[in-house]
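What follows is a single structure, written as structure tokens, with notes after it.
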Amino acid sequence: MMGFEEALYSLIAEPEATKEFLCAMANFYVDVIQEQFRYFKPDLALVMDHVATDKGLLMSPQCYREIIKPAQKIVYDCLKTYDVAIGIHVDGRIEELIPDFAELGVTVIQPFQVYNDIEKAKKEYGIAAIGGWDSFGPGNDPNADEETIRASVRKAMDAYAPTGDFAIWFSGAALGSAEKMGWLADEAEKYGRQFY
């Protein structure tokens, strides 16, 4: 509603008002969730919260915990009343917040980017990973050849699939052609059969 920069600025300029607003929005989301779940019975509820980039968090962990997390808790507490896996769509380097997400009830992170310790999150917090493909690596270069693209898929699967709780996802893929995107999907289908 404010634009991204102004919303981030509000965390500093008006922390109490921002928290109040976010909690009001969360209560609205609860009303929407309750209405939606009267008709739909999903296996996974995915909430979108972009709190980081590949460089790190967009605010301090303390700011997140004091202003954003209380609003998230309202939504996640609602979702916990349903028989549904709880996921968060959050791009970026979120390492510092993974314990918070687990505490809130998050069981799936999507897209789980490679600059986070994905295996630690799976092992210590029971969080499933959807992602794991390096969108900053050579496999996402628009000039990459077929073998480089296919190798990027195998690298992700070799890293995260053996321990389970993983689904590859090509978040941020910018290869520029349907053929190259097809190589990603084809390699995931073929190579993934070794694991699933």
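The values are calculated or read from the model by the stated rules, or taken from the named source; none is laboratory data. Bear in mind that the values here come from a model prediction, so they are computed numbers and not experimental data. Here the Cβ is made from the backbone with ideal geometry for all residues, glycine too, and neighbour counts use every protein chain on show. We work out accessible area using only protein heavy atoms, side chains counted, and drop any ligands, DNA or RNA first. Shrake-Rupley method; radii C 1.70, N 1.55, O 1.52, S 1.80 Å.
Observations on the structure shown:
- Computed over protein heavy atoms with a 1.4 Å probe, the accessible surface of the chain works out to 54 Å² per residue.
- Largest GNM mean-square fluctuation across ASP117, ASP158, ASP43, computed for the chain with C-alpha springs under 10 Å, falls on ASP43.
- Rounded to 10°, Cα long-axis angle of helix 15-39 versus longest principal axis of the chain: 70
- Nearest-ten-degree value, helix 178-192 long axis tilted from longest Cα axis of the chain: 90
- Under the Karplus curve 6.51 cos²θ - 1.76 cosθ + 1.60, θ = phi - 60°, whole-Hz ³J(HN,Hα) for region 101-107, x wherever Gly or Pro sits: 4, 4, 4, 6, x, 5, 10
- Percent carbon-and-sulfur accessible area, the chain, ignoring ligands, DNA and RNA, probe 1.4 Å: 56
- Sorting TYR9, TYR191, TYR29 by solvent-accessible area of protein heavy atoms yields TYR9, TYR29, TYR191, largest first, with a 1.4 Å probe.
- With 18 Å as the limit on Cα-Cα distance, the pairs of LYS19/LYS73; LYS19/LYS69; LYS55/LYS180; LYS41/LYS122 that go past it are LYS55/LYS180; LYS41/LYS122.
- Accessible surface ranking for MET1, MET25, 1.4 angstrom probe, highest first: MET1, MET25.
- Distant-in-sequence amide contacts of ALA128, defined by a placed amide H-H separation under 5 Å and a gap of 5 or more residues or a different chain, comprise VAL108, ILE109.
- Helix 69-80 and the longest principal axis of the C-alpha atoms of the chain enclose an angle of approximately 70°.
- In terms of the mean number of neighbouring beta-carbon atoms within 10 Å, the peptides 91-102, 128-139 order highest first as 128-139, 91-102.
- Beta bridges per DSSP with both ends in the chain, % antiparallel, nearest 5: 10
- Between VAL47, VAL108, VAL32, the Gaussian network model of the chain with springs among Cα atoms under 10 angstrom shows the greatest mean-square fluctuation at VAL32.
- Size descriptor, Kirkwood hydrodynamic radius, that averages inverse alpha-carbon separations across region 57-196, Å: 16.1
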